[in-house]
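Report on the following structure.
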Ligand code: GZL
């Protein structure tokens, strides 16, 4: 969600927020965050983390990474699971504010609706870090930084790798694309669709068309259910672009139930790179995967310490990730950590 303009504005925001963190630290005895969470010096930092839920293999790996990295960094972690409900995330953040944690981090389920609760955190001088997903806000000082991927770039990469998949398959004729979108209103869903469309509009105006597009909510069940409907309404689909592996894996079940061959009759590109996605790709059922790294725990803890110590942090700590074609799947599968 951050473009060049936002980035510059945000740099100012960082100064303000970091200043907050710094002055929070300078509060000394009041526990830095204005609560019992821990003042400067050697007292353990307390981090309140509000997770989205457990909707996908990616999310499970992300949760495991955060939970493992906290003790390794000597950080006291309070963790909550919103079970897919933004209102639960807001309640969890309010609870962390009331407990006076030192830092709050969360993966916003959707981009809108966070200003009020983040203003409450700012009023208590508790710095907020976004992990994984970004938000839309008019006040850039409400969070210090985003630790996560560039989803728009992932969408562009998905379209570019689809060009290679079509060439490798010797595809001829029109490309009729079904798109399984992530959770409605979530940054990865908005941005993976946007990046894909950018490339399609610029380079494939005449030969590619997204004939149907709907949210499968990042789950296997959602992907299967929506793909069943796609196949009934658009039986001539020949490409599936799924915003995550889990929806792609659900869609594969629907494609096979319809008597079609996933990876052959319908070429499939997904995003994430979880083990099960690579296993399906090794079986020839997925044609390419755009990696989105969930192992954000260590980076997050490093940023938490810097923010707590009033150090300057980048406005966006981007994660490194690669892209994989089907012929790389077998060799890569043993390396997958999630
Ligand atoms: C992406 C993350 C998305 C994954 C899905 O960073 O927010 O949410 O792509 C997960 O698997 O559910």
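Worth pointing out:
- Every residue from the stretch 281-304 that is in a helix (DSSP H, G or I), in contact with a strand residue (DSSP E or B) (Cβ under 9 Å, 6 or more places away or on another chain) and surrounded by fewer than 21 Cβ atoms within 10 Å (Cβ to Cβ): 299, 302
- Evaluated against (1) out of contact with any strand residue (DSSP E or B) (no Cβ under 8 Å at 6 or more places or on another chain); (2) within 16 Å of the ligand (Cβ to nearest atom); (3) part of a helix (DSSP H, G or I), residue 217 falls short on exactly one condition, (3).
- Of all residues in the stretch 186-201, those that are surrounded by fewer than 19 Cβ atoms within 10 Å (Cβ to Cβ) and touching a helix residue (DSSP H, G or I) at 6+ places or on another chain (Cβ under 9 Å) total 4.
- Annotation: residue 237 fulfils all but one of (1) within 24 Å of residue 326 (Cα to Cα); (2) part of a helix (DSSP H, G or I); (3) more than 13 Å from the ligand (Cβ to nearest atom); the unmet one is (2).
Residue-by-condition table, conditions (1) under 20 Å from residue 47 (Cβ atoms); (2) modelled with pLDDT under 95:
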| position | (1), (2) |
| --- | --- |
| 281 | no, no |
| 284 | no, no |
| 290 | no, no |
| 297 | yes, no |
| 306 | yes, no |
| 311 | yes, no |
| 318 | no, yes |
| 323 | no, no |
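- Qualifying residue in the stretch 107-120 (condition: free of Cβ contacts under 8 Å to residues at least 60 places away in the same chain and either within 25 Å of residue 247 (Cα to Cα) or within 16 Å of the ligand (Cβ to nearest atom) (or both)): yes
- Screening residue 189 on (1) within 20 Å of residue 289 (Cβ to Cβ); (2) not in a helix (DSSP H, G or I) shows it passes everything except condition (2).
- Filter pass, residue 123 being touching a helix residue (DSSP H, G or I) at 6+ places or on another chain (Cβ under 6 Å), modelled with pLDDT of 95 or more and away from the ligand (no atom under 16 Å from the Cβ): no
- Filter result for residue 39 (at pLDDT below 95, assigned to a loop (DSSP other than H, G, I, E, B) and either within 13 Å of the ligand (Cβ to nearest atom) or surrounded by fewer than 19 Cβ atoms within 10 Å (Cβ to Cβ) (or both)): yes
The values are calculated or read from the model by the stated rules, or taken from the named source; none is laboratory data. Nothing here was measured: the structure is a model prediction, and the numbers come from that model. Neighbour counts are summed over all protein chains in view; Cβ atoms, including those assigned to glycine, are modelled from backbone coordinates with ideal geometry.
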